[in-house]
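The values are calculated or read from the model by the stated rules, or taken from the named source; none is laboratory data. The structure displayed is predicted, hence computed values, not measured ones. Here the Cβ is made from the backbone with ideal geometry for all residues, glycine too, and neighbour counts use every protein chain on show. The protein model used for the area step is the full one, side chains on, heavy atoms only, and it has no ligands, DNA or RNA in it. Shrake-Rupley method; radii C 1.70, N 1.55, O 1.52, S 1.80 Å.
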Amino acid sequence: MSKPDVLKILQDAGLDVLTCIQCGTCSGSCPSGRYTSLNTRRIVRKAHKGGDILHDDKLWMCATCYNCQERCPRGIKIVDAILVIRTIAVHEGIMLPEHRDVSRLVLEYGHAVPINNATMEMREGLGLGSFPETVHKYPDALEDVKTLLRSCEFDKLVQE
Ligand code: SF4
Ligand code: SF4
């Protein structure tokens, strides 16, 4: 299978990263970069230089807070580009094990974080119902959620 042309896909989506001047404003604005090895400027550089960005673990360290995108002096849609690159990666079968695990929970329970007794007790203590307004409260809807996930082939993306 041929390697996807990340830069072209970004350009076709109206997400041109070629105007980046490597000023570093994005990295300096990045709360995730303060605690992880994420360097947003380097991610943008890799996207336009054609490096193997799809296998770069830092791609998944962005918390999509949009700080960088709001501040980029070139108006580059950095986060939108990161999300597109992540989508390409997932379609290439590249996903962190943790994301695969969480996705399997969504497929099975309709929730990335299924409710547990501790959370139910906490909700009750706050005067909320035991269950949120989701498939936990309406279990009959779980089959509908699964049908939706299958119809967009999410199950195939998640399987290894
Ligand atoms: S803030 Fe914009 S122009 Fe500056 S390095 Fe980041 S992406 Fe490039
Ligand atoms: S959107 Fe992502 S890359 Fe941009 S500042 Fe926030 S965490 Fe950093």
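Considering only Val145, His99, Tyr109, and ranking their Cα positions along the charge dipole of the chain that arises from unit charges at the beta-carbon of Lys, Arg, Asp and Glu, the one farthest toward the positive end is His99. Whole-Hz Karplus values for segment 56-70 come out as 7, 4, 5, 4, 9, 8, 6, 9, 6, 7, 6, 3, 5, 5, 5 Hz, taken residue by residue from phi with 6.51 cos²θ - 1.76 cosθ + 1.60 and θ = phi - 60°; glycine and proline positions read x. Using the Karplus relation 6.51 cos²θ - 1.76 cosθ + 1.60 with θ = phi - 60°, the per-residue 3J(HN,Hα) values for segment 22-39 come to 6, 6, x, 4, 4, 4, x, 9, 8, x, 5, x, 6, 10, 10, 8, 4, 10 Hz, with x marking Gly and Pro. Of the GluC sites (Glu not before Pro) found in segment 86-152, those in coil by DSSP whose Cβ has at most 11 other Cβ atoms within 10 Å are Glu133. Tyr138 contributes about 110 Å² of solvent-accessible surface, heavy atoms of the protein only, 1.4 Å probe. For Asp12, the solvent-accessible surface with a 1.4 Å probe is about 110 Å², rounded to the nearest 10.
Shape class for segment 97-158: oblate, because the ratio a/c of the largest to smallest gyration tensor axis (alpha-carbon atoms, square roots of eigenvalues) is 1.5 or more and b/c is at least a/b. With semi-axes defined as the square roots of five times the eigenvalues of the C-alpha gyration tensor, the equivalent ellipsoid of segment 1-103 measures 21, 17, 11 Å, largest first. Placing unit charges on the Cβ atoms only, positive for Lys and Arg and negative for Asp and Glu, gives segment 1-157 a dipole magnitude near 900 debye about its Cα centre.
Taking 32 Å as the limit for the C-alpha separation, the pairs Lys77/Lys137; Lys8/Lys58; Lys58/Lys146; Lys77/Lys156 exceed it in the case of Lys77/Lys137.
Got a number for carbon plus sulfur as a percent of the chain's accessible area, 1.4 Å probe? Carbon and sulfur atoms account for 54 percent of the accessible area of the chain. Hydrophobic long helices, here whole DSSP H runs in the chain with Kyte-Doolittle means of at least 1.0 and Cα atoms spread over 15 Å or more along the helix axis, are found at 78-91. Looking at the chain, the accessible area is 62 square angstrom per residue; that uses a 1.4 Å probe and ignores ligands, DNA and RNA. Taking all Cα pairs closer than 8 Å and separated by 6 or more residues, the relative contact order of the chain comes to 19 percent. When the chain is treated as a Gaussian network with alpha carbon springs shorter than 10 Å, the biggest mean-square fluctuation among Leu83, Leu128, Leu96 belongs to Leu128.
Value of Rg to Rh for segment 22-160, rounded to two decimals, is 1.07; Kirkwood radius and Rg both from alpha-carbon coordinates.
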